[in-house]
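Here is the structure we will look at, set down as structure tokens.
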Amino acid sequence: MFYNNRSILDNELSRLNDWDNADGFDMDAAFGDDAFGDDAFHEAAAAPVRAKLAVSMPYIFTVVNSDPATQTVVLFGSEKNRTATNFGNSANISITYDFTGYYGGGTTGYGALLARTESAPIVFGRIRMESTNQLQLSAPVNVSDYDPTGKQTTFPVVNFKKLNQFDQNAIETETDMTIYGGTQLSYNMLTATTCRWYFYAADVASLKRGLGGKGVVKELRRPDTYLDQTVKLVAPSGQRLS
């Protein structure tokens with residue numbers, strides 16, 4: 001049964017390894033290697049009409065560093081951090097989940113979120129971080145994938161401000177990272193700083209959906225978190241801009 005379930009997940013994840021772009025917002029032209037797939041555009045003429053996908057809602061939690069020095073913060077990595085003291089962080093780092101829900105908020109909610117990633121892997125397509133310290137916004141986030149054999153793959157997610165961004169206390173990054181029990185995020189957090197993280201899922205895998213006769217990978221639609229351009233230069237009628 002384990003290998004059969006694993007086969008189902010592998011097949012579905014290989015088919016849906018991108019964030020669906022069904023809302024028609026073509027960000028791919030601006031951002032290359034991210035989780036925004038555009039298959040819906042190329043196949044729209046031939047594909048049958050399907051139900052509108054649900055908009056991705058973020059997983060939100062808050063991290064506070066009360067240490068007088070900069071500390072390394074680790075997030076996720078459930079296979080080793082869920083049962084570790086303070087989720088693998090120093091005593092002066094606190095992580096609390098913002099929503100209560102079925103499993104409660106606070107540290108209980110964050111622990112439950114970690115547990116869920118072991119059985120329901122997630123592909124994040126966008127991450128947002130708000131901080132009380134503007135210098136924190138430029139700190140890169142390292143994504144590490146740990147294999148039971150000892151193999152480790154690490155790559156950075158570098159945050160950068162959009163050219164039309166007006167909010168000085170937040171930053172958003174397009175990404176394409178798969179979070180499961182063996183994936184851990186880490187970054188250096190400045191002293192006396194609070195960070196509020198928003199993780200937007202592009203795809204969520206769950207065998208529970210298969211029991212209900214649905215695909216085991218749920219696609220989610222791109223959230224609209226950007227300001228639309230409101231001022232455009234238009235050439236006067238019958239004239240050219242020079």
Check your understanding: Going down the list Lys52/Lys151; Lys161/Lys208; Lys80/Lys208; Lys151/Lys214, which pairs span over 32 Å between their C-alpha atoms?
Key -> Lys52/Lys151; Lys161/Lys208; Lys151/Lys214
Practice item. Could you list which residues have their amide H under 5 Å from that of Ala202, counting only those 5 or more apart in sequence or on another chain, with H placed in the peptide plane? Key: Val123, Phe124, Gly125
Practice item. Starting at the first residue of segment 180-196, write each ³J(HN,Hα) from the Karplus equation 6.51 cos²θ - 1.76 cosθ + 1.60 with θ = phi - 60°, in whole Hz, x for Gly and Pro. Key: 9, x, x, 9, 10, 9, 8, 7, 8, 10, 5, 5, 6, 10, 10, 10, 10
Point to revise | Built amide H within the under 5 Å cut-off of Asp67, gap 5+ | key: Ala192
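All of the numbers you see were taken from the coordinates with simple rules; none came from a lab. Just so it is clear, the structure is predicted and the values come from calculations on it, not from any experiment.
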